[in-house]
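Report on the structure given below.
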Amino acid sequence: MGLSLLTAVFNEEELLSSNVKGGKSKIKKKTTKKQALNADKLKAIKYTVREMFPKTFNDARMNSAVNTKLSILRAEKKLQDKVVPEHESDVESQEEL
């Protein structure tokens, strides 16, 4: 539920360039610094999820899930960007025929 709300509340650009708290990756040292997601929007999402699942909600796990989702979105976007140019060249070569 929380991840669905995340993609509904934030636009794609915000999601691709952000993480929960902002800052550089602790795993990939050569990546660029990410901006933090809007704290008020994120707080509203967490509040909603906490209200729906009061016994099982865990803030740290929510942050981790959000960052994982953002990483997946960035990886998918990167893959999509690699696929599109190849496809465009195929279209251009077919147009020449």
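The values are calculated or read from the model by the stated rules, or taken from the named source; none is laboratory data. Please read these numbers as outputs of a predicted model, since none were measured by experiment. We place every Cβ from the backbone using ideal geometry, glycine too, and count neighbours over all the protein chains shown.
Some values worked out for this structure:
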quantity: Residues of segment 48-69 that turn out to be out of contact with any helix residue (DSSP H, G or I) (no Cβ under 8 Å at 6 or more places or on another chain), more than 19 Å from residue 36 (Cβ to Cβ) and of a type outside the set (A, V, I, L, M), as a count; calculated: 7
quantity: Residue 43 being out of contact with any Cys (no Cβ under 7 Å at 6 or more places or on another chain) and either modelled with pLDDT of 80 or more or in a helix (DSSP H, G or I) (or both); calculated: yes
quantity: Residue that is nearest to residue 48 (Cα to Cα), among those in segment 9-32 that are among the basic types (Lys, Arg) and surrounded by 10 or more Cβ atoms within 10 Å (Cβ to Cβ); calculated: 21
quantity: Filtered residues of segment 45-67 (kept if loosely packed, with under 15 Cβ neighbours inside 10 Å and in contact with a Lys or Arg (Cβ under 8 Å, 6 or more places away or on another chain)); calculated: 59
quantity: Within segment 35-61, tally of residues that are within 18 Å of residue 14 (Cα to Cα) and in contact (Cβ under 8 Å) with a residue 24 or more places away in the chain; calculated: 7
quantity: When residues of segment 5-30 are limited to those that are basic (Lys, Arg) and over 16 Å from residue 63 (Cα atoms), the one nearest to the chain's Cα centre (by Cα); calculated: 28
quantity: Selected residue (criterion: farthest from residue 11 (Cα to Cα)) from residues of segment 62-97 that are modelled with pLDDT under 85 and hydrophobic (A, V, I, L, M, F, W, C); calculated: 97
